[in-house]
Amino acid sequence: MPLLLEIVTPERLAYSDMVDAVNLPGSEGELGVLPHHAPLVTMLGIGELRIRKGGTEESFAIVGGFLQVRPDKVVVMAETADMASDIDLEKAHEARRSAERMLEEGGPADTADLAAARAALQHALLRIRVAERRHREGSRHRG
């Protein structure tokens, strides 16, 4: 019996479909959600959200937000959610290089800018990892 998964960001509904299982980055570590999971509300961390549906797997690069498991559906409310197949690897590499340059060149003037540069680097590295894993393992997950 599949479960309804919705992934929502402030800008859009990123995903909505029936799935067999969801693995995602919780703030305290990896979480797995299967049908009939107990109700739950928790914070999300930064990492890869993996969806299993039939014999296929889809991935998203997720940054922050909340997870709500309800009897009728699972809702992921994330700050950002980038589907692996939509990630432009070259742009992600350029974002990484840009963030690294900012940190290497003496860094930002204040702690807020420093935190933003570190977050940008972390987000770029996550997007690269998710996109490259999809590229490496893509043929293995196709029906």
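Pick from Ala119, Ala99, Ala38: which residue has the top mean-square fluctuation in a GNM of the chain where Cα pairs under 10 Å get a spring?
Checking each option, the largest mean-square fluctuation is seen for Ala38.
If you place +1 on the Cβ of every Lys and Arg and -1 on the Cβ of every Asp and Glu, how big does the dipole about the Cα centre of the chain come out, in debye to the nearest 20?
So the dipole magnitude of the chain works out to roughly 460 debye.
Could you work out the helix-only [θ] at 222 nm for the chain, with each DSSP H run of four or more residues adding -39,500 (n - 2.57) and the total divided by the number of residues, to the nearest 500 deg cm²/dmol?
Computed ellipticity for the chain at 222 nm equals -10500 deg cm²/dmol.
Based on the alpha-carbon gyration tensor of the stretch 52-138 and its eigenvalue square roots a ≥ b ≥ c, which shape applies: rounded if a/c is under 1.5, prolate if not and a/b is larger than b/c, or oblate?
The shape class here is oblate.
Between the stretch 67-91 and the stretch 16-51, how far is it from one alpha carbon centroid to the other, in angstrom?
10
Using the basic label-point model (7 angstrom from Cα toward the beta carbon), what is the Arg70 to Asp86 distance in nanometres?
Using points 7 Å along Cα→Cβ, the separation is 2.2 nm.
Percent relative contact order of the chain, based on C-alpha pairs within less than 8 angstrom and at least six residues apart?
21
Percent antiparallel among DSSP beta bridges with both residues in the chain, to the nearest 5? Can you show the working numbers first?
Working: 36 of 41 bridges.
Roughly 90 percent of the beta bridges in the chain run antiparallel, per DSSP.
Rounding to the nearest 20 debye, state how big the charge dipole of the stretch 3-85 is about its Cα centre with +1 on each Lys and Arg Cβ and -1 on each Asp and Glu Cβ. It would help to have the intermediate numbers written out before the result.
Details: 6 positive and 12 negative charges, 39 e Å.
Here the size comes out at about 180 debye.
Most mobile of Arg101, Arg70, Arg129 per a Gaussian network model of the chain (Cα springs, under 10 Å)?
Answer for the Gaussian network model of the chain: Arg101.
Give me a comma-separated list of calculated 3J(HN,Hα) values for the stretch 123-129, in order, Karplus coefficients 6.51, -1.76, 1.60 applied at θ = phi - 60°, integers in Hz, x for any Gly or Pro.
Ordered by residue, 3J(HN,Hα) equals 5, 4, 4, 4, 4, 4, 4 Hz.
The numbers here are math on the coordinates, done by the rules we state, and not lab data. All values derive from a computational prediction rather than experimental measurement. With ideal geometry, Cβ positions are generated from the backbone for all residues, glycine too; neighbour counts draw on all protein chains shown.
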